[in-house]
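The values are calculated or read from the model by the stated rules, or taken from the named source; none is laboratory data. The structure displayed is predicted, hence computed values, not measured ones. No Cβ is skipped: glycine too gets one built from the backbone with ideal geometry, and neighbour counts run over all protein chains shown. We work out accessible area using only protein heavy atoms, side chains counted, and drop any ligands, DNA or RNA first. Shrake-Rupley method; radii C 1.70, N 1.55, O 1.52, S 1.80 Å.
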Amino acid sequence: MRRIAPVLAFLLFACLSLAETVPELFTRAKEQIKSASWSDALKTLDALETEAARPGNESVRAQLPAPLAFYRGVAHANLGQTEQAVAEFGAFLALQPNAQLDATQYSKKAAAAFENARKAGTDRSPSLADAYKSFQPRADAAARYPSDPTWADGPVRWIMSDAEKAEWSSLGPAGDRLGFVEKFWSSRPASFRTEFDRRVAFADESLADEPEQPGSLTDRGMVFILMGPPTFAGRKPLRNGEDTSDNAGLDTFGSQDEKNSLKELYASRGGKPPGWKVAENSVKYANPNRKAAESNENRMEVWHYRRELLPKGVPYQQVDFDFVTKQGYGINTLQRDPQPVATLGAAKEAAAAKP
């Protein structure tokens, strides 16, 4: 056994010595782009981002977001992943709005995605992230969830630990519910509750699927409360026999598009949901080049989260949350695939009170 330690130490030293630096990884990624090794380039760019996040690389870290987004856009475009390419080029253009793509150096697919990203940046509806950034909750938003017997059935259910749920359930008619609620929030930072209330209010006003149900209690509301706004979102129609994991035909859209699409559904059912604000100002986000899909058609909505928005400890570079709307199936029903389920579990654990 004593001989193992020197061997392990040698192997560790060898691994560390073989680790590539940020400049080396960047050079390798560019070579892979040049040689059309698109999948390998994406893996190298992920490794580059991971290495740049390590202590000691602060000086180069700030220079990477633009080139990372650009080369990811090139790789995704050539892999036929148009939606991801447009999103990456959009992120690049947000950092360098006057940049141009040399059509003689890059493929037609990359050039087309780049131009689509530029066009989308000027005339698309606000994204969920944009809408949330400017969102101001109504003054009465926090008052909607009093500490009564149904309090734990509200949006707070998404962040309660199993122990807290058990304790709440044990409270009888004479139980100190107000005391429980006070203890519940005091065990978490004040800023946490402020952000939670804001996300709940946004979900209620922007993510409602049915007139009778607040947006914060839907699948999309759950994901938004636990994860915040996605890096980007998209929507595609579902066709008979189509695999819902297929990204072909996915188009970017803003949260206001979803509000527009809900108008017809609510109108067909007698108007707006009682007590909930829905799409009152959505017309100002529309433009002649866009038409939101009707909410009762078969479609899939995808929320894409890049690594920087994922909970700590999640081993993925990106996670997609798929919401399916299909007659006889449901409206915006979250697909419980392994990656999003694990990610939500990590987000919920991070939101739970620490002992």
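Using a 1.4 Å probe, what is the accessible area per residue for segment 72-205, in Å²?
Result: 53 Å² per residue.
Which percent of the accessible heavy-atom area of segment 150-192 goes to carbon and sulfur, probe 1.4 angstrom? Don't skip to the end; give the middle numbers.
Numbers: 1410 of 2380 Å².
Carbon and sulfur atoms account for 59 percent of the accessible area of segment 150-192.
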Label point distance in nm, E20-A342, each placed 7 Å from Cα along Cα→Cβ: 2.4 nm
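How large, in percent, is the carbon and sulfur part of the accessible surface of segment 55-99 at a probe radius of 1.4 Å?
Working: 1100 of 1980 Å².
Carbon-and-sulfur percentage of accessible area, whole number: 55.
Set the Förster radius R0 to 56 Å, insert the Cβ-Cβ distance between S37 and K183 as r into 1/(1 + (r/R0)^6), and round the FRET efficiency to 0.05. Intermediate results must be reported in sequence, preceding the final value.
Values: r = 55 Å, r/R0 = 0.99.
So the FRET efficiency works out to roughly 0.50.
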Packing rank of 214-227, 335-348, where each peptide gets the mean count of other beta carbons within 10 Å, highest leading: 214-227, 335-348
